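The values are calculated or read from the model by the stated rules, or taken from the named source; none is laboratory data. Since we're looking at a predicted model, the values are computed, not measured. Neighbour counts run over all protein chains shown; Cβ positions are idealised from the backbone, glycine included.
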Amino acid sequence: MASQTYPGLQGRTAIVTGGAKGIGAACVQILAEQGAKVAILDLDYELGNSLAHEAGSECIAYELDVSNSSLIREAIRKITEQLGLPTLLVNNAGIGHYGTVVETTDEQLDRVLDVNLKSYFFCAREVVPHMLTAGMGSIVNVASVQSFMSQKRVAAYCASKAGIIGLTRAIAVDHAPSIRCNAVCPGTVDTPMLADAISELPDQEAILQECRDMYLTKRIAEPMEIAQLVTYLLSDLSSFITGQAIRIDGGIGLEIGGSVQD
């Protein structure tokens with residue numbers, strides 16, 4: 001699938017959370033093509049296992065709720081036994097939620113933070129010691145353009161995604177020089193998560209067109225486009241990049257709108 005070669009990935013063990021579909025699945029596909037051994041962590045075992053079989057013999061799916069730190073610890077123990085020391089980590093699992101701070105309950109806030117932020121912390125906490133043992137490691141955290149800006153009624157989601165940026169920088173500072181950590185911040189991506197978000201709206205195509213029109217590119221991103229940046233940041237091609245939050249967002253927010261020339 002990918003014509004680009006990403007040096008430094010072959011033979012290494014990679015973990016991708018939320019790896020059964022969307023951006024995560026695209027990351028799994030590229031990593032497997034590049035010769036990495038890949039562990040897919042996802043609640044949807046059936047879909048993850050199907051992807052693992054497509055990707056090759058050194059790709060294994062694990063059914064896992066990434067918000068549970070004990071389950072993460074056990075899964076990474078198994079991964080280390082089956083695939084070797086993990087030195088590549090893609091924290092990608094995520095959920096959405098609509099609500100203002102007034103509308104969002106404690107339980108809803110906890111769930112969003114548990115999946116979107118705390119799971120990234122938990123996975124890094126378990127994987128970093130293995131990276132230090134190996135003397136190398138690269139972590140990519142999937143954040144969002146909403147780490148920097150907000151839409152209406154996404155308070156919990158924005159808080160979780162902004163937190164990822166701070167966590168990324170802390171990991172980069174604490175564990176340099178042997179470990180690099182970066183974040184990618186996508187705009188709207190054509191994923192199952194997007195489909196779910198608009199599934200109950202009356203005119204989905206009109207909503208999608210309105211969304212496309214927000215971007216200078218006049219389209220939304222494909223999962224593979226995000227995965228290519230993730231893989232670049234995992235690879236040796238980006239060996240001088242760490243602690244960064246890189247936007248891949250079609251130029252949204254650059255144009256303030258309106259002009260005396262219009």
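Just so you know, in the range 108-127 the residues that are among the basic types (Lys, Arg) and over 21 Å from Lys21 (Cβ atoms) include one that is surrounded by the most Cβ atoms within 10 Å (Cβ to Cβ), and it is Lys118. In summary, Ile79 fulfils each of the numbered conditions (1) β-branched (Val, Ile, Thr); (2) assigned to a helix (DSSP H, G or I); (3) touching a helix residue (DSSP H, G or I) at 6+ places or on another chain (Cβ under 8 Å) with the single exception of condition (3). Every condition in (1) surrounded by 16 or more Cβ atoms within 10 Å (Cβ to Cβ); (2) in contact with a strand residue (DSSP E or B) (Cβ under 9 Å, 6 or more places away or on another chain); (3) at pLDDT 95 or above holds for Thr105 except the one numbered (1). Tallying residues that are free of Cβ contacts under 8 Å to residues at least 40 places away in the same chain and not charged (D, E, K, R) within the range 161-187 yields 4.
Right, Tyr157: at pLDDT 90 or above, part of a loop (DSSP other than H, G, I, E, B) and aromatic (Phe, Trp, Tyr) or not? So Tyr157 fails the test.
For the range 41-84, taking the residues that are small (Gly, Ala, Ser) and within 15 Å of Val28 (Cα to Cα), the one that is modelled with the lowest pLDDT is identified as Ser57.
Restricting the first residue to the range 132-150 and requiring it to be outside the structural domain of Leu194 (by the TED database) and assigned to a loop (DSSP other than H, G, I, E, B), which pairs with a second residue that is polar (S, T, N, Q) and surrounded by fewer than 17 Cβ atoms within 10 Å (Cβ to Cβ) meet a Cβ separation below 6 Å and a spacing of at least six or different chains? Going by the 6 Å Cβ cut-off, the qualifying pairs are Gly135/Ser178; Met136/Ser178. Evaluated against (1) farther than 26 Å from Leu113 by Cα; (2) without any contact (Cβ under 8 Å) to a residue 24 or more places away in the chain; (3) buried (at least 17 other Cβ atoms within 10 Å of the Cβ), Cys158 falls short on exactly one condition, (1). Taking first residues from the range 226-247 that are on the phi > 0 side of the Ramachandran plot and assigned by the TED database to the domain that holds Met136 and partners that are charged (D, E, K, R) and modelled with pLDDT under 95, no Cβ contact under 7 Å between residues at least 6 apart in sequence or on separate chains turns up.
Go through Ala61, Ala36, Ala26 for me and flag whichever is crowded, with 24+ Cβ neighbours inside 10 Å, in the same structural domain as Leu237 (by the TED database), within 16 Å of the chain's Cα centre (by Cα) and closer than 22 Å to Asn141 by Cβ. Unique residue meeting the criteria: Ala26.
Restricting the range 75-90 to residues that are out of contact with any His (no Cβ under 7 Å at 6 or more places or on another chain), among the aliphatic types (A, V, I, L, M) and within 24 Å of Tyr232 (Cα to Cα), the residue that is surrounded by the fewest Cβ atoms within 10 Å (Cβ to Cβ) is Leu83.
Take the residues in the range 12-23 that are outside any loop (DSSP other than H, G, I, E, B) and under 10 Å from the mean Cα position of the chain (by Cα), then tell me which one is nearest to Val38 (Cα to Cα). Walk me through it before giving the result.
Going residue by residue through the range 12-23, those that are outside any loop (DSSP other than H, G, I, E, B) are 13-17, 22-23.
From the residues that got through so far, the ones that are under 10 Å from the mean Cα position of the chain (by Cα) too are 16-17, 22-23.
Working: Val16: 7, Thr17: 11, Gly22: 16, Ile23: 15 Å.
Going through the qualifying residues, I end up with Val16.
Regarding Ala134, is this residue more than 19 Å from Thr17 (Cβ to Cβ), in contact with a strand residue (DSSP E or B) (Cβ under 8 Å, 6 or more places away or on another chain) and surrounded by fewer than 24 Cβ atoms within 10 Å (Cβ to Cβ)? The answer is yes for Ala134.
Restricting the range 40-75 to residues that are touching a residue at least 40 places away in the same chain (Cβ under 8 Å) and not in a loop (DSSP other than H, G, I, E, B), the residue that is farthest from Leu117 (Cα to Cα) is Ala61.
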